Amino acid sequence: MTKHIGILLFDGVEELDAVGPWEVLSWWTRTSPDDGYDVFTMADSLDPVTCAKGLRILPDVRVDAAQPLDVLIYPGGRGTRGHLTDERRLAWVRGQRETVPLMTSVCTGSLVYAAAGILNGRPATTHWSTLDRLGELDPTIEVRPDDRFVDDGDVITAAGVSAGIDMALHLVARLAGVERAREVRRGIQYDPQPPV
């Protein structure tokens with residue numbers, strides 16, 4: 001039976017927060033279908049989503065029509081700011097916590113998890129510019145400013161933007177093994193050596 005990974009999209013989502021994990025996970029699921037996973041994007045509607053810097057993406061499915069998830073990826077971006085006080089959105093996140101075995105976030109997606117109460121008493125990280133905000137939302141969170149991602153069992157949070165790629169490779173390693181993750185890393189030629 002196929003297991004499902006859903007990447008949430010919303011207006012103002014940071015492009016690489018969603019597309020970085022998508023690249024990793026879609027390369028994996030398409031080249032190794034026998035591993036038994038698929039990945040799709042989802043949003044509140046099928047209308048184009050306008051990302052933080054203007055890229056427009058068409059979601060694969062509406063949130064309310066998505067297959068039951070095994071993994072949720074909640075990206076960040078300026079669009080998350082409104083989610084922090086949107087009771088409907090926070091209730092949805094809490095509902096996912098009840099049914100989704102593995103909740104993950106990239107960048108300020110972890111702020112939404114904090115606002116929903118699912119990071120209570122856990123270690124977590126986020127984009128460097130919002131580390132203080134993460135602790136303010138829930139003072140019980142053990143904020144980890146130096147970690148690219150934090151795996152706390154059934155919740156994984158990643159730092160900002162490009163850290164989502166690292167988190168997604170870690171996710172592949174967790175779900176399908178280190179060798180498979182290395183195959184994916186080589187396949188997408190991810191070998192960071194910043195030129196500056």
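The values are calculated or read from the model by the stated rules, or taken from the named source; none is laboratory data. From a predicted model like this one, the values you see are computed outputs, not experimental measurements. As a convention, Cβ positions derive from the backbone with ideal geometry for all residues, glycine included, and neighbour counts pool all protein chains shown.
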In region 127-167, what residues are of a type in the set (S, T, N, Q) and touching a Leu at 6+ places or on another chain (Cβ under 7 Å)? Thr130, Ser162
Among the residues of region 151-169 satisfying the criterion of being out of contact with any helix residue (DSSP H, G or I) (no Cβ under 8 Å at 6 or more places or on another chain) and not in a helix (DSSP H, G or I), which is surrounded by the fewest Cβ atoms within 10 Å (Cβ to Cβ)? Gly153
Boolean, Asp138 is farther than 25 Å from Glu15 by Cβ and within 14 Å of the chain's Cα centre (by Cα): no
Cβ-Cβ under 9 Å, sequence separation 6+ or interchain: first residue in region 154-178 and of a type in the set (A, V, I, L, M), partner modelled with pLDDT under 95. Which pairs? Ile165/Pro192
Spot the failing condition for Gly20; the list is (1) on the phi > 0 side of the Ramachandran plot; (2) among the small types (Gly, Ala, Ser); (3) surrounded by 20 or more Cβ atoms within 10 Å (Cβ to Cβ), and only one is missed. (1)
Of these, Val106, Val112, Val184, Val172, which one is within 22 Å of Ala43 (Cα to Cα), in contact with a Phe, Trp or Tyr (Cβ under 7 Å, 6 or more places away or on another chain) and either crowded, with 19+ Cβ neighbours inside 10 Å or of a type outside the set (Lys, Arg) (or both)? Val112
